[in-house]
Amino acid sequence: MPNDTRITGFILLGFSSAPELQTVCGLFFLVMYLAVIMSNLLIITLITLDLKLQTPMYFFLKNLSLLDVFFISVPIPNFFINSITHNNSISILGCALQVFLMTSFASGDVFVLTAMSYDRYVAICCPLHYEAIMSSGNCVLMVGVSWAIGVLFGALYTAGTFSMPFCGSKVIPQFFCDVPSLLRISCSDTLMVIYTSLGIGVCLGMSCFICVVISYFYIFSTVLKIPTTKGQSKAFGTCLPHLTVFSVFIATACFVYLKPPSSSASIADRLFSVLYTVLPPALNPVIYSLRNSDVKCALKRLQQNLCPSGSLHVKIQSICPWICGSHFKQIL
């Protein structure tokens, strides 16, 4: 006979039940989290302060980095605290908040990446109309719509998930509250609400995917017509990083959320959850900074403004004559 006791909270199993391994995992994730946060904040700072990066592409990149900072800040700090305190419990309200925030920021990521693909399409295929199409007002509108749709879908997805009663085991075999794990412990006979919201999410995701595919079809068709290899490499250099980030994010998200439900979570489920949570926010600064000369130049200009070379030498030269002169007068 099934256990119909209603659950008021959950236990996040994490990666190990051993306290020592929990602490090690928590510290490891903290180091990764700090590295991701600092690199994304550096991208945001460079784009905000450098006048040469005030373009639509970098405006979208700044919002993408901001979404990544918020996205990774939902599960990782909580997992670190749980690992240090060895208290893996989370309330239903806290779990619902995690699902809402992660779904909202992940959805916003997908729509901003789609807007970035459209920006690359206009820049390469319609360069004469680029400034008119990608005006500041249109860019703000696209980003605002991306954030708004992300929040609306996050609210719908969370409402659909937590409209079901939970009973039986309260252990979630993940380091954060994910919907597949919640579906395993649901005692509802019908999952129409959650499947409806999931279907809406799949439709939105497929729409974005189709838009990106169509954009890059026209982009690659135009780039291959460029007579010089230098022009082709420059065009590919601005598109391939975005395409890489989009592909990694979509692939890991599909494995996490579209995988057929099973009775228990495997090691592969946890591994892909880590990749889905950590890898896209970590890849964005690396790909867009190491392969982007504009970002490298902006970083050098920021370093020169913060620590101008020769400033200390100039100050010493201006101080030394005054010291030597005063000392010479004292001797006389």
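The values are calculated or read from the model by the stated rules, or taken from the named source; none is laboratory data. Only a predicted model underlies this, so the values are computations on that prediction, with no experimental measurement involved. So basically every Cβ, Gly included, is an ideal-geometry build from the backbone, and we count neighbours across all protein chains shown. The protein model used for the area step is the full one, side chains on, heavy atoms only, and it has no ligands, DNA or RNA in it. Shrake-Rupley method; radii C 1.70, N 1.55, O 1.52, S 1.80 Å.
Points to keep in mind about this one:
- Across region 314-327, not a single residue is classified as more than 30 Å from Q98 (Cα to Cα), at pLDDT 60 or above and either of a type outside the set (S, T, Y) or open to solvent by less than 70 Å² (accessible area, probe 1.4 Å) (or both).
- The number of residues in region 62-91 that are at pLDDT 90 or above and open to solvent by less than 10 Å² (accessible area, probe 1.4 Å) comes to 8.
- Within region 70-91, the only residue that satisfies the criterion of being over 19 Å from G9 (Cβ atoms) and of a type in the set (S, T, Y) is S73.
- Test for F209: is it under 20 Å from the mean Cα position of the chain (by Cα), at pLDDT 80 or above and in a loop (DSSP other than H, G, I, E, B): no
- Checking each residue in region 135-146 for being open to solvent by less than 30 Å² (accessible area, probe 1.4 Å) and not in a helix (DSSP H, G or I) picks out no residue at all.
- In region 75-93, the residues that are touching a residue at least 40 places away in the same chain (Cβ under 8 Å) reach residues that are hydroxyl-bearing (S, T, Y) and open to solvent by 80 Å² or more (accessible area, probe 1.4 Å) with C-beta atoms within less than 7 angstrom, at least six apart or across chains, in these pairs: I92/T8.
- Each residue in region 206-226 was checked for being of a type outside the set (S, T, N, Q), free of Cβ contacts under 8 Å to residues at least 40 places away in the same chain and within 17 Å of M116 (Cα to Cα), and 6 pass.
- Residue within region 155-174 that is farther than 30 Å from F80 by Cα and in a helix (DSSP H, G or I) present: no
- Hits in region 175-206 - residues which are of a type in the set (G, A, S), in a helix (DSSP H, G or I) and more than 30 Å from L21 (Cβ to Cβ): S197, G199, G201, G205
- Within region 97-134, if we keep just the residues that are among the aromatic types (F, W, Y) and touching a Cys at 6+ places or on another chain (Cβ under 8 Å), the residue that is least open to solvent (accessible area, probe 1.4 Å) turns out to be F111.
- Filter pass, M32 being modelled with pLDDT of 90 or more, out of contact with any strand residue (DSSP E or B) (no Cβ under 6 Å at 6 or more places or on another chain), of a type outside the set (S, T, N, Q) and loosely packed, with under 13 Cβ neighbours inside 10 Å: no
- Residue match in region 49-57 (condition: touching a Pro at 6+ places or on another chain (Cβ under 9 Å), touching a residue at least 40 places away in the same chain (Cβ under 8 Å) and not in a helix (DSSP H, G or I)): no
- Out of K170, K225, sole residue that is open to solvent by 60 Å² or more (accessible area, probe 1.4 Å), under 26 Å from M57 (Cβ atoms) and over 25 Å from the mean Cα position of the chain (by Cα): K225
- Any hit, region 28-45, residues being within 21 Å of the chain's Cα centre (by Cα), touching a residue at least 12 places away in the same chain (Cβ under 8 Å) and farther than 30 Å from S293 by Cβ: yes
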